[in-house]
Amino acid sequence: MTISHPLPLWLRKPLGKASELSTVQRLVRHYGIHTICEEGRCPNRGECYAQKTATFLLLGATCTRACAFCQVEKGRAPAAVDPEEPAKIAAAVAALGLRYVVLTSVARDDLPDQGAGQFVATMEAIRHRCPGTEIEVLTPDFRMDRGRLSQRDCIAQIVAAQPACYNHNLETVRRLQGPVRRGATYESSLRVLATVKELNPDIPTKSGLMLGLGETEAEVIETLKDLRAVGCDRLTLGQYLPPSLNHLPVVKYWTPEEFNTLGNIAQELGFSHVRSGPLVRSSYHAADVAPTQKAG
């Protein structure tokens, strides 16, 4: 069912100061790079830019998956990997004076290593240019298809580079994985997080869910328990908002009070850091790792 009434007041938020947005936008255009903040039109991008954080999108802006919730461009023949992309992103990080950076990417199922090497190269470039900047990664699932490196080998490359946090989003509950993600599976995503802990238990792991796609509270709690069972440390919960009429519709707008309730449940389950609120996104306040829960 599609929600027909107007967007609730709690989901209306100013974009932020024009100067904070334009500075990043100019740099992105100058270097020919991408941020998920811009590609996904994140409602928090002005706030994050002001706090000296940003989420860079590696491997171009065309994804080989066709997830029904995502605004990023889809295509089976993305552009060739730019070997200068790591250096360009490092230069942008230095120019912006970022103290905490999140690196994510489109899915690149066309590449033998599915893009794992570009994560590592970008981390190395940032550390060379900005040794004090912390780096969080938000990776695809590196699904195990014939002719590619195994999921474990892809993850191992990135874990060996020692990110400050390893994030991989489940996105939704088990029942809704098929219609929402189209190419990923619940079990494969849980395996990503479990593999990180097997390879290096000291690296914090993180995952996130979008609410409003038709899930029940009981299903959300079951998902949180599954995440804790594979040692997931940190959690984000936010409201799904369709990028266009061609994307999945919203079934429910969860209220701030409901987000607070779920955030409290997550804390009780043992997550060390929880962000739960309608406007929370995967990288929202990513640099803030104090053990607290706050609605966005």
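Could you identify the single residue in Arg99, Arg152, Arg127 that is without any contact (Cβ under 8 Å) to a residue 40 or more places away in the chain, basic (Lys, Arg) and more than 30 Å from Asn246 (Cβ to Cβ)? Exactly one of Arg99, Arg152, Arg127 is without any contact (Cβ under 8 Å) to a residue 40 or more places away in the chain, basic (Lys, Arg) and more than 30 Å from Asn246 (Cβ to Cβ), namely Arg127.
Of all residues in the stretch 195-242, count the ones that are surrounded by fewer than 17 Cβ atoms within 10 Å (Cβ to Cβ) and acidic (Asp, Glu). Counting residues in the stretch 195-242 that are surrounded by fewer than 17 Cβ atoms within 10 Å (Cβ to Cβ) and acidic (Asp, Glu) gives 5. Residues of the stretch 95-117 that are in a helix (DSSP H, G or I) and surrounded by 19 or more Cβ atoms within 10 Å (Cβ to Cβ): Ala116 alone. Here Arg228 clears all of (1) at pLDDT 90 or above; (2) on the phi > 0 side of the Ramachandran plot; (3) of a type outside the set (Phe, Trp, Tyr) except the condition numbered (2).
Within the stretch 217-258, the only residue that satisfies the criterion of being in a loop (DSSP other than H, G, I, E, B), in contact with a helix residue (DSSP H, G or I) (Cβ under 9 Å, 6 or more places away or on another chain) and of a type in the set (S, T, N, Q) is Thr255. Here the stretch 118-167 is the region considered, the condition is being aromatic (Phe, Trp, Tyr) and not in a helix (DSSP H, G or I), and the residue that is farthest from Leu199 (Cα to Cα) is Phe142. Remark: Pro179 matches the filter, which requires a residue to be in contact (Cβ under 8 Å) with a residue 60 or more places away in the chain and of a type outside the set (Gly, Ala, Ser).
Starting from the stretch 159-176, keep only residues that are under 17 Å from Ser272 (Cβ atoms), then list their pairs with residues that are of a type in the set (Asp, Glu) and not in a helix (DSSP H, G or I) whose Cβ atoms are within a distance under 8 Å, requiring at least 6 positions of separation or different chains. Within 8 Å, the pairs are Pro163/Glu136; Ala164/Glu134; Ala164/Glu136; Cys165/Glu136; Tyr166/Glu136; Asn167/Glu136; His168/Asp141.
With respect to Ala121, is the statement that it is closer than 21 Å to Tyr31 by Cα and either surrounded by 19 or more Cβ atoms within 10 Å (Cβ to Cβ) or over 16 Å from the mean Cα position of the chain (by Cα) (or both) true?
Criteria met by Ala121.
Could you please let me know if Ala54 is within 19 Å of the chain's Cα centre (by Cα), modelled with pLDDT under 85 and either of a type in the set (Val, Ile, Thr) or buried (at least 22 other Cβ atoms within 10 Å of the Cβ) (or both)? Answer is yes for this residue. When Leu209, Leu190 are checked against the criterion of being outside any helix (DSSP H, G or I) and in contact with a helix residue (DSSP H, G or I) (Cβ under 8 Å, 6 or more places away or on another chain), a single residue qualifies: Leu209. Checked against the criteria, Lys197 counts as at pLDDT 95 or above, in a helix (DSSP H, G or I) and either over 15 Å from Leu235 (Cβ atoms) or charged (D, E, K, R) (or both).
Per-residue answers, yes or no, for (1) in contact with a strand residue (DSSP E or B) (Cβ under 6 Å, 6 or more places away or on another chain); (2) more than 19 Å from Ala286 (Cβ to Cβ); (3) without any contact (Cβ under 8 Å) to a residue 40 or more places away in the chain:
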{"position": "Leu213", "(1), (2), (3)": "no, yes, no"}
{"position": "Ile221", "(1), (2), (3)": "no, yes, no"}
{"position": "Leu227", "(1), (2), (3)": "yes, no, no"}
{"position": "Asn246", "(1), (2), (3)": "no, yes, yes"}
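Here Gly214 fulfils each of the conditions (1) part of a helix (DSSP H, G or I); (2) of a type outside the set (S, T, N, Q); (3) closer than 13 Å to Leu176 by Cα apart from (1).
The values are calculated or read from the model by the stated rules, or taken from the named source; none is laboratory data. Only a predicted model underlies this, so the values are computations on that prediction, with no experimental measurement involved. Please note: Cβ atoms are built from the backbone with ideal geometry, for glycine as well, and neighbour counts cover all protein chains shown.
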